[in-house]
Structure formats: structure tokens, C-alpha cells
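Report on the following structure.
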Amino acid sequence: MSLADCADLARSLAQVTVDMVRFIGPYGFEGAGGAIDVATISAEAGFQYLELKEPNHRVEQRRFTSAAPDPVVSAPEDIAKPATYTIRV
């Protein structure tokens, strides 16, 4: 895979992460968002930006929630049996 293809893949994966966080709902951990900067590092060219957001780019403010319900976990003593998880809202 070329360096440019690797950079495109990294940008796509970062964008998928941003989109998933946006749609995960009020209980998701919102640790990704906003514009994405893409850069490469190589021995020949060193550090180079491929995409750089504008200096005054507006960052979307998101609501962080700490009111997520605690899951109730039932772990059986026999580890061959599956555990159950229940979330009570």
C-alpha cells in the first residue's frame, strides 16, 4: 500500500469514528469529532501535511453526559457459560 493510500485509509477510519460517535446516542463516549488533519512522515520528505483545517475552523461543541446508567453484570462461576449484561434506564 502506498503512503498516499495509507493516509487516505487513516483519514477514512478517523471520519468513520467521528460519524459513529455522532450517532451513538446520549450515552456514548464522545471522544472524537471536528475537522481532521492528515499528515505523513517519511525518511525522504519528513513530516508533510496532506490536509490541514483552516486556522479559524469552528469546532462543533458537543454535550458530554455523565448520566449514563450503570450496567448490571451477571458473571456465572462457570466461565464456559456466557455472562449477561442488563442496562436499566
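Any read-out appearing in this document is the output of simple, stated calculations on the displayed coordinates, not a laboratory observation. Here the structure is a predicted model, which is why all the values come from computation and not from measurement. Neighbour counts are summed over all protein chains in view; Cβ atoms, including those assigned to glycine, are modelled from backbone coordinates with ideal geometry.
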Cα point-scatterer Debye curve for region 1-55, base-10 log of I(q)/I(0) at q = 0.15, 0.20, 0.23, 0.28 Å⁻¹ | -0.53, -0.78, -0.91, -1.09
To the nearest 20 debye, region 1-55 has a Cα-centred charge dipole, built from +1 on Lys and Arg Cβ and -1 on Asp and Glu Cβ, of 160
THR17, THR86 arranged by Cβ crowding within 10 Å, fewest neighbours leading | THR86, THR17
